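Notes to accompany the following structure.
The values are calculated or read from the model by the stated rules, or taken from the named source; none is laboratory data. Not measured: the values here are computed from a predicted model. Cβ placement follows ideal geometry from the backbone for every residue including glycine, while neighbour counts extend to all protein chains displayed. Surface areas here come from the heavy atoms of the whole protein model, side chains and all, with no ligands, DNA or RNA. Shrake-Rupley method; radii C 1.70, N 1.55, O 1.52, S 1.80 Å.
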Amino acid sequence: MQFTDLKAQYAALKPEIDARIQRVLDHGQYIMGPEVKELEAALAAFTGSRHCITVASGTEALLIALMALDLQPGDEVITTPFTFAATAETIVLAGAKPVFVDVEPDTANIDVSLIEARITPRTRALMPVSLYGQVADMAEINAIAAKHGLAVIEDAAQSFGAIYQGRRSCALSTFGATSFFPSKPLGCYGDGGALFTDDDTLAQAAREIRVHGQSARYTHTRLGVGGRMDTLQCAVVLAKLPRFEWELQRRVELGARYQRLLADMPGVGLIATRPDRSSVFAQFTVVVENRAAVQAALQAAGVPTAVHYPTPLNQQLAYSAHCCADCTPVAATLSARVLSLPMSADLSAADQDRVAEALRAVV
Ligand SMILES: Cc1ncc(COP(=O)(O)O)c(C=O)c1O
């Protein structure tokens, strides 16, 4: 059993993916070729966003969004510590200071009730993470942002395709930033990502920042980065789009099936999913005591697992200057107990049963 089954996905899509890649090899426009615009149009339509800007990775998407907001040294961006490093890393790289707010114990997403107390005159943006594939409380977050005149960047690296109150993740705030890392719900075959916004001025800024701040060739109007997504990677994502709705449905069904299988299992806690939104289960994560022993026993039973994430970012040396290590107790508790189980659209029900049985035997 694989933790994420990318081979089955390729086998199912081989003719489309091979043909798409061959087309790029034939036309030879490896940078900003026609597939880039084609993918951007398709993803803008899919999410319901006015603009999609493909970029080199999810990390680059976050960085470019933050750079487009023109942050000044000393500006603050409120986020969660219970996330992948890129969330806070890009805030620092953009010249701002991450302010870590604790998460909800049941969803592991940012606890909205704690945000306002952390807003200062230097706060410029809120950066919630839609963790494990479930959108954060974007309506409440947008309301706080509107009240205080802040931008909102949804770190949607794990939630592409998820629905929140009838709308798609990525199209819910000032910017949505996603990742096409191979194991993400919509993955390419290398690094890739995209930014989404309805704001014409911010979209233009992001497009310029993506190509070294150029507003025209060799006219560097602003500071930028080398942040384009390869034509070949765009071609891979395009080839995957016709199957994506089916994959999303499978993820939702498999997530619900895992929840049923594990619901009453003593010693296993579940991440809650709210009724007004779907999770696309980028990860299916449970909460267990004695995680190391459980993980080792599952490994011995042939069930691969992973930990997302073992240390809250405010406890990492690189970010320790920005927050006290023990000021986000819920994130600390979760990080010691979370365990992600095998998950992908191609996971079979039989394998899922094996995971549940193996877990029952060890918890
Ligand atoms: C929450 C979150 N933010 C940002 C990223 C960065 O995405 P990428 O790996 O494409 O740079 C990831 C990817 O793992 C992520 O999970």
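Brief remarks on what is shown
- Any chance P266 is within 16 Å of the ligand (Cβ to nearest atom) and either closer than 26 Å to A86 by Cβ or in a loop (DSSP other than H, G, I, E, B) (or both): no
- If you go through segment 7-42 and pick out every residue that is touching a residue at least 40 places away in the same chain (Cβ under 8 Å) and either in contact with a Gly (Cβ under 7 Å, 6 or more places away or on another chain) or not in a helix (DSSP H, G or I) (or both), you end up with 6.
For every residue, the table says whether it meets (1) buried (at least 24 other Cβ atoms within 10 Å of the Cβ); (2) more than 14 Å from the ligand (Cβ to nearest atom); (3) under 15 Å from R124 (Cβ atoms).
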residue: P73; (1), (2), (3): no, yes, yes
residue: A85; (1), (2), (3): no, no, no
residue: G95; (1), (2), (3): no, yes, yes
residue: E104; (1), (2), (3): no, yes, no
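- Count of segment 153-163 residues which are away from the ligand (no atom under 15 Å from the Cβ) and open to solvent by less than 10 Å² (accessible area, probe 1.4 Å): 0
- The single condition among (1) away from the ligand (no atom under 16 Å from the Cβ); (2) surrounded by 14 or more Cβ atoms within 10 Å (Cβ to Cβ) that Q29 does not meet is (2).
- Pairs, first in a loop (DSSP other than H, G, I, E, B) and open to solvent by 10 Å² or more (accessible area, probe 1.4 Å) in segment 183-199, second of a type in the set (D, E) and within 12 Å of the ligand (Cβ to nearest atom), C-beta under 9 Å, six or more apart: D191/E60
- Listed conditions (1) buried (at least 24 other Cβ atoms within 10 Å of the Cβ); (2) within 25 Å of P342 (Cα to Cα) are all met by L172, apart from (2).
- Some residue of segment 298-307 being open to solvent by 30 Å² or more (accessible area, probe 1.4 Å) and either at pLDDT below 95 or at positive phi (or both): yes
- Number of positions in segment 211-237 that are out of contact with any Phe, Trp or Tyr (no Cβ under 7 Å at 6 or more places or on another chain) and assigned to a loop (DSSP other than H, G, I, E, B): 12
- Within segment 311-326, residues that are buried (at least 19 other Cβ atoms within 10 Å of the Cβ) sit with their Cβ atoms under 7 Å from residues that are of a type in the set (V, I, T), at 6+ positions apart or across chains, in these pairs: P312/T328; L313/T83; N314/T328.
- Among (1) away from the ligand (no atom under 13 Å from the Cβ); (2) surrounded by fewer than 24 Cβ atoms within 10 Å (Cβ to Cβ); (3) of a type in the set (D, E, K, R); (4) in contact (Cβ under 8 Å) with a residue 24 or more places away in the chain, the one test that R210 misses: (2)
- Any hit, segment 280-289, residues being of a type outside the set (S, T, N, Q), free of Cβ contacts under 8 Å to residues at least 24 places away in the same chain and outside any helix (DSSP H, G or I): no
- Residues within segment 43-56 that are open to solvent by 20 Å² or more (accessible area, probe 1.4 Å) and either outside any helix (DSSP H, G or I) or within 15 Å of the ligand (Cβ to nearest atom) (or both), tallied: 4
- Applying the condition of being among the aliphatic types (A, V, I, L, M) and more than 15 Å from A358 (Cα to Cα) to segment 264-291 and asking which residue is surrounded by the most Cβ atoms within 10 Å (Cβ to Cβ) yields A282.
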